[in-house]
Structure formats: structure tokens, C-alpha cells
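Reviewing the structure listed below.
The values are calculated or read from the model by the stated rules, or taken from the named source; none is laboratory data. In this text, all values refer to a predicted model and were calculated from it rather than measured experimentally. Here the Cβ positions follow ideal geometry from the backbone for every residue, glycine too, while neighbour counts run over all protein chains shown.
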Amino acid sequence: MNANRWMRWVWPAVPIAGALVVTSLLLILFGAAPLEAFQAMYQGAFGDQSKILSVMAFWIPLLLASTGLLITFRAGLWNIGIEGQIVVGALAASWVALSLDAPAAVLITLEIVAAMLAGALWAALSAVFKTRGNVHEIFSGLALNSIAIILTNYLISGPWQPPEGGTFRGTAPFQPAALLPLYENSRFSPLSLILAVIAFILVVIALRGTFWGLKLKAIGKNLRSAFLLGVSSEREMILAMMFCGALAGLGGAVRTLSWFDSLRQSISGGIGFMALLVVMLSNYRIFLVPPIAFFFSMVLNGSITLQLRTQLHSSLGGILTELMVLFVLLFGDWAKLGFSRKKDDDG
Amino acid sequence: MHIELRDIRKYFGPVKANDGINLVFEGGRIYGLLGENGAGKSTLMKILSGYQSPDSGQVIFDGQTQNFSSPADALDKGIGMLYQDPLDVPAFSVKDNYLLGRDRRFVLNYQSASHELQEMTARFDFQLDLQTTIDNLSLGERQQLELARLLVGGAQVLILDEPTTGISAEQKEVLFDSMRKLAREEGKTLILVSHKLDEVQELCDHAVVLRRGELVGETDIPCPNEKLVEMMFGQIPERSARPEYDKGETVLELVDLRVPTYRLTIQDINLVVRAGEVFGLAGLEGSGQRLVLQACAGLLHPDQGKILLADQDVSGWPYHRMQSAGMGYLAAGRLEEGLIAGLTLEEHVELAKPKHSFFVKRKELYSKTETKIEQFQIVGRPDSNADELSGGNQQRLLFALLRDNLKLILLEHPTRGLDVRSSNWIWDQLYLRREEGTAILFMSADLDEIFERSDRIAVFSGGVMSRVLDTKDTSVDEIGHLIGGQA
């Protein structure tokens, strides 16, 4: 059994190595040198200080969204709507930034509160559709994602368009007091890192130590039994979705107030979907989430340099990360691969 | 066919399910395979029927060593197993199910299928409607269909796993008659897996007893019951006596209750259960008794009539409110409606507590769980997962999770699948509860259990409730008639 336990710990490295091998083969197929490409990617991520800060800045909203998803996944919910929750968070933060005049501290606090509230309410919609209307959260989430994006497009080409005229690209830059304080000349905001760390710690405590975390686990594993044991499944599901939505909304605020300086058309940049992949790759192990999110951020930022240096398209980074997820889903669970037989019931 | 099992071993981790079993089965005889829960009966039969392979040992048919790749492979070689829950597909028609896995051509031959099925049903007096779908059949009818499928598939050896659980007395007679016919007239080998001694005595020629994975005895039938019990348990367990009780206040009262559901509507339900009383609901599965329990639990809501709990009108109260009002409900499916696979015993204990603090107090919880484990004699640790427990231990865990000082306990099949000793233990716990003034309302497919345990009995048949019978003034025979719908 020790060999088995040992395998269980080492095994997660195998699908990652597999993804690297397949990506290398793809590169060779297109006549590129894999080693050179990976080197370019590494240079793009860690080449100099500004690149490292850029990786950090991209990492934080992704980490916030992934952290929120740990809660919904624990409750057995597929919060595909996280993308829309990030977008409405950004919308709410932009609304405060565009419509209020106040000192930076007040403005930023209000922006963050508004973003978290908006994300939570957007997520609550999906949850209520599920508990009251019997609509699966995947479908309502997809619909709400589209609506959030359409709403963004309407706002930036209509009421919030810049003075020089709507371009579908974004609003005019916000007033400086509305933006998060940045580290030197980068897009990285230390404040956002603090918030993300607090959020992560809260989630760790909630899942590991609280009764609420236990209720979510029970719901996620067996809704009917949890209900019969006394768990109010409707309330907990709505709360779980709102918790995740609040963190996603915060991520949206970080995107719009530090990565960008205005509301843009693709404000999320697919971070929500990426966060789903991060959590799946971690196999729902909490402490694997921050490093994996960081790795994703590294690969995606590195790919930009890759395109500049070599003739390869930057989507290579996307291919690499998504192959990893695929490999993890296929081979990730050593216990389920059938090398070690599970105990059978004996009556 | 002459079957020999030679030194069969099968271990699941530290558990020795089969530990060197040697057995011989001859053609033309009916064998009873006995043993308490977890004795290794199912494992042995799964090995014989190709569902599992042994860690070591040989299965030999007429001198030839066999190595099955699957149950279908085993059936090709003449071994058929009838599972407790027949392996059929509910939405399929009877004929489709029959052909499933048998007819391997592209176009199914329905004509020959009906022909074969008709021949089978006529030969064994099966009452099988060939035009319907599986979900309209009772468990007994599904069993008959599966039996026909196995026989036409060429089974020379038939293994029946607890075949009489949940079927009617009449269906049981038909089943036993056909088993006798198969053994006496066709020389087939039949193996009945059971822990009901009466059935083994009635049907079998020879009994084989397993205990803790080992063969502990064989005997020709008939033999004294005591001998079998001693082989099964090592010692004869005392039948738990039913202590007398003092009837207390009315705890539960149902007045002209009507509960409509998609499949069945029950109406005009009137009954009273008093503190300290055990009230049994008899009837075939799906006759309406489960609806009564679910209505009392607040899981189904009546559209007419009233439910009174301790003189308070609780009709329409949701389940969790009923729970706080002192109602405890145990459903039949242990891992579907009660326990959560993947959660530990500790976590179950924490979830089931009536009051909670924000943080889980791990140390306190651990010692509390240890106490429960000891008190309820559960074989497991506080950090074992509930799905790792055996069926009997899962049932004990469910009882451990019931809150204290309940007014009313509702039970579906409280001892289904448990051996005599575990059942007695469960009922002893329930008797303790009723000394606290708890009223117990339960349903069971086991008529003996209803008869032995209840103070009063009501029988359901097709959604209609019989008059309430006092156990002292009725007989199994009378209840049997009522179950069949004969008033």
C-alpha cells in the first residue's frame, strides 16, 4: 500500500510532463525547436522585473476567481457563470469610478464593495434559478455570461462612451484617484495581492475548519442525504454561489482598476474559464491552486514574448495549459486508473 | 454438472472475504448457502459467476479449470446468477430486456423472443405481461424475467441471491416450485444464498455455512434449526423479547389524510400512534406505506386531511421543521438517503447534531464519535468513510445519527439485509427509545418482522389502507391475505 500512496503523490507530475511532450511534438511538427520556444516563454515571464510584475498582476484576478471556485466546486456546483460575475464586478467598479468624485481611499473602497456585491448578486441569480426553477447552473451561467458581455458592449458604446465617440473598445481612462495604487511603473497593485491573500486564507479556514465548509462538502457529495441529515441545501447553495461571485467580482475590479485603467470590451479576458481549468488541474486541492494559477499566468505572459521572438503564435501558451488540463482529466487520478482495485462490497 | 471450488481466496486489503474455501456442488440438487452479513457469501458467488476473479484458487467444471472474463462468459459456460436487484433497464420493454446481451445480431428477433418467453412462463407458471416495460413490473416479475433469460441463455447452474426479499408470498411459491422443477426434472444445480432459515429448510437438500470467510460446516437438510444457527453464529443468539409497554399519550394522528403523487395516491388514511408504541405498516413495495411515512416526515405534503404531532397541526410543515419538532426519519437507501459516501463518520456525527458552533471542534467531535462508535458497536474508526462500512455497520451508523429525545421515529425497512443478530440489536435500540416515550412507525417487506415487532399493524394494498389490526388478535395468514388485497 505504500507504493500506492507514493504513486498518489508523484502521479500529478505525470500528466504535466505528458502535456509538455505533446506540445514539444507539435512544435517539432511545425519545424520549431521546442527548447528554444520554452526558453523564449521563460524569458517572457521572468526575463526582467517588469515581466515578473506583469505575471503577478495577471495572476491575482485569476487567483481570486479560482479561490472562489473552490467554494462552489466543494458544494458540487459548476459555476460556469464566473466569467459573467467577473464582468459585472468590473461594470460596478467602473460605474463608481465614472460617477463619483471622492478621495482615493473612499473611492477605491466603494469600487471594491460595489464590485463584490454585483458579482455576488449575479451569482445568486444562477443559484436561485437552480433551487427554485430547476435550471442547471451551467445553462443559466452561460446565459448570464452573454448578458454581462452584451451589457458591457452597450455601456461602452452608449452611455459610457469616451468624449471622442464610441469605438467599442472601451471607456475613457478613469480619474487617477479611482485606480488602484500600482507598484512603480507596472500593472501590479500590492493592495490587490493583500486582498487575494486574505480571500485565500478565508477560504482555507471556511473549507477546513467551519461547519459551513462541512455542509458544502456534504451537499456536494450527496444532496439528498445532506438534506435528510438536516442541511438546508437551498440556503447553502445560494451562499456558496454568492461567496464565489463576490470574489469573482473583486477580480473584475482588479482587472479594470489595475491591469487596465478603464472598462474594456473584453474586460475579463477569459479569466473565469481559465480559473475553472486551474481548479480542475489542482484536482480540488486547495494549496495547489495558487501555484497552478501562477504557472498559468507565467505561461500566458511568456507566450507574448514567444510570439515576438520566434515566429510562433502566442496561442501556444493556451495550447500548453489546456493540454495539461486534458491530460489531468484523463490520467490525473491514480486511484481511478484501475491499477489498484477498489474494495468491493460484501454482503 | 459437477462443480468444484478449490481453495478459493479473495482478500480486500486486510479483510479476508474468502479464506481458502473448498466446496463441491452436484447437479440435480438445491444448495443453501448460509452465513451472517459479511461472511463472504456474496464474494464467493461473485467469483463463481465470473463477476470477480479470486486472488488464488480454482473453479473447476466437470474436471476443467475455468477462468471467466465476465459474467456473460460465465453464462456461456453454464453459470447464471440472479442478483438481489435484477440487472435490468427500467425504461426498456420486457422483450428488449430479454434480448439485451443475448441477441447479438443487428436486427433483433422479437418473434422468437416472445415465443421463448411464452414457453418459459407457461412452463413455470410465471405471471408475466410481455407487452409492458420494466418499470411496470414488480420485483418478483422482474426476477421471473431474469430467470427466463438465464435459462434460455443455457444456465446449468443457477445462483439466487436472497431471491425472496421484497416479493409476494405467491411469487415466492412460484419461484420455489420452479426451482424444484429445475433441480428434479432437469438436473440443474441451484444455489440459494439466504439468511432466512425457514426458506433453506423448506427448499434445500443441503446447506453450506460460511463464517468470516471460511467454510464452517455442511449438513443435509432437514436438520434442526439450532444446528444451522450454531454454525452461522458460533453461538445461538437470543431472540430479543418484546418488552411490554404502557401506552402513553397520542403522539401522531393522521386524519382523513390524502397524499397525491404522480404514480399513486393514498387517501382516507386515519391512524393514531401513541407514545411507546411500535406501529407496523405491511404491504408489497409501492403500495402506499412509504408515502405515509414521507408525509409524516414532511417530505410529501397532503392536499387533504391533517397530520397532528403531539396535538399540534403540522400538515404542510417542511422536513427540517419536523426534524426540530422531534421527528426522526430513516429512509431505506443507506448511501442514497441518509449517509454520504466520501464523508467520514465524524463528519456525519457533526452534520447530524441539532446545534452547531461556527467552527468545528475537532477534538470534541473525535471523542464524541468514538463514544458513538462504542455505543452503537460500529466496526470503523472516526475517520473512516461511511461507504467503507459494511451494510450492517452503515445501518448502525444511521441509528447513531438519530437525535436524542425524539417524539416520533419513522423507519423504512429498518433491518433489510441484516442478519438475525444485527436485526435484534437494532430492535433492542428501538425498544430503549420507546421507553423514553418515542412512538415508532415503520414499514417492512419482511412479514415476520412486522409481526414480531409491532404492537399494531396496518396493511397497504394498492394505495388503500386496511383497518388497524392488533397484533395479538391477528395472524400472519390474515395479514398475508390483506397484502394480496383480499379484505
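List of remarks:
- B:E173 falls short on exactly one of the conditions (1) under 28 Å from B:G50 (Cβ atoms); (2) assigned to a helix (DSSP H, G or I), and that condition is (1).
- Region B:155-170, residues that are of a type in the set (V, I, T) and either under 16 Å from B:A74 (Cα atoms) or in a helix (DSSP H, G or I) (or both): B:V157, B:I159
- Looking only at region B:320-347, and only at residues there that are assigned to a helix (DSSP H, G or I) and at the interface with chain A (Cβ under 7 Å from one of its Cβ atoms), the one that is nearest to B:N393 (Cα to Cα): B:E347
- Which numbered condition A:G76 misses (of (1) assigned to a helix (DSSP H, G or I); (2) surrounded by fewer than 21 Cβ atoms within 10 Å (Cβ to Cβ); (3) not charged (D, E, K, R)): (1)
- Any hit, region B:139-154, residues being more than 30 Å from B:G28 (Cβ to Cβ), of a type outside the set (F, W, Y) and assigned to a loop (DSSP other than H, G, I, E, B): no
- Subset of region A:176-209 (residues that are of a type in the set (V, I, T) and surrounded by fewer than 17 Cβ atoms within 10 Å (Cβ to Cβ)): A:I194, A:V197, A:I198, A:I201, A:V204, A:I205
- Residue ID - nearest to the other protein chains (Cβ to nearest Cβ), chosen from residues in region B:359-388 that are free of Cβ contacts under 8 Å to residues at least 12 places away in the same chain and assigned to a loop (DSSP other than H, G, I, E, B): B:V360
- Just one of the listed residues (B:L410, B:L398, B:L351) is in contact with a strand residue (DSSP E or B) (Cβ under 6 Å, 6 or more places away or on another chain), within 13 Å of chain A (Cβ to nearest Cβ) and in a helix (DSSP H, G or I), and it is B:L398.
- Residue check, A:I156 among the hydrophobic types (A, V, I, L, M, F, W, C) and buried (at least 16 other Cβ atoms within 10 Å of the Cβ): yes
- Every pair of residues 6+ apart whose Cβ atoms lie under 6 Å, when the first sits in region B:72-99 and is closer than 18 Å to B:I3 by Cα while the second is of a type in the set (A, V, I, L, M) and surrounded by fewer than 22 Cβ atoms within 10 Å (Cβ to Cβ): B:G80/B:L150
- On inspection, B:L432 fails the criterion of being within 21 Å of B:Q375 (Cα to Cα) and in contact with a Gly (Cβ under 6 Å, 6 or more places away or on another chain).
- Selection count where residues are out of contact with any Gly (no Cβ under 7 Å at 6 or more places or on another chain) and closer than 17 Å to B:L418 by Cα, scope region B:202-227: 1
- In region A:41-51, the count of residues that are touching a helix residue (DSSP H, G or I) at 6+ places or on another chain (Cβ under 6 Å), surrounded by 13 or more Cβ atoms within 10 Å (Cβ to Cβ) and free of Cβ contacts under 8 Å to residues at least 60 places away in the same chain is zero.
- Failed criterion for B:V314 (all others in (1) within 11 Å of chain A (Cβ to nearest Cβ); (2) in contact with a helix residue (DSSP H, G or I) (Cβ under 7 Å, 6 or more places away or on another chain); (3) without any contact (Cβ under 8 Å) to a residue 24 or more places away in the chain hold): (1)
- Out of B:S384, B:S357, B:S367, one residue alone is in contact with a strand residue (DSSP E or B) (Cβ under 8 Å, 6 or more places away or on another chain), among the small types (G, A, S) and surrounded by fewer than 21 Cβ atoms within 10 Å (Cβ to Cβ). It is B:S384.
- On inspection, A:W59 does not qualify as surrounded by fewer than 18 Cβ atoms within 10 Å (Cβ to Cβ), in contact with a helix residue (DSSP H, G or I) (Cβ under 8 Å, 6 or more places away or on another chain) and aromatic (F, W, Y).
- Of all the numbered requirements in (1) touching a Ser or Thr at 6+ places or on another chain (Cβ under 9 Å); (2) at the interface with another protein chain (Cβ under 9 Å from one of its Cβ atoms); (3) part of a loop (DSSP other than H, G, I, E, B), B:P302 misses one, and that requirement is (2).
Residues checked against (1) in contact with a strand residue (DSSP E or B) (Cβ under 8 Å, 6 or more places away or on another chain); (2) basic (K, R):
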| residue | (1), (2) |
| --- | --- |
| B:S422 | no, no |
| B:I426 | no, no |
| B:R433 | yes, yes |
| B:L441 | yes, no |
| B:D455 | yes, no |
| B:M465 | yes, no |
| B:K472 | no, yes |
| B:V476 | no, no |
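- Filter pass, B:I3 being over 20 Å from B:Q156 (Cβ atoms), away from every other protein chain (no Cβ under 13 Å) and buried (at least 16 other Cβ atoms within 10 Å of the Cβ): no
- Helices (runs of 4 or more DSSP H) contained in region B:25-103 and holding at least 1 residues within 14 Å of chain A (Cβ to nearest Cβ) and crowded, with 22+ Cβ neighbours inside 10 Å: B:41-48
- Total residues in region B:131-147 satisfying the condition of being in contact with a Phe, Trp or Tyr (Cβ under 7 Å, 6 or more places away or on another chain) and crowded, with 20+ Cβ neighbours inside 10 Å: the figure is 2.
- B:L402 meets all of the listed conditions (1) surrounded by fewer than 21 Cβ atoms within 10 Å (Cβ to Cβ); (2) modelled with pLDDT under 90; (3) on the phi < 0 side of the Ramachandran plot but one, namely (2).
- Taking (1) more than 23 Å from B:G462 (Cβ to Cβ); (2) among the small types (G, A, S); (3) within 11 Å of chain A (Cβ to nearest Cβ) in turn, B:A297 satisfies each apart from (1).
- Evaluated against (1) at pLDDT below 90; (2) more than 27 Å from B:G392 (Cα to Cα), B:F176 falls short on exactly one condition, (1).
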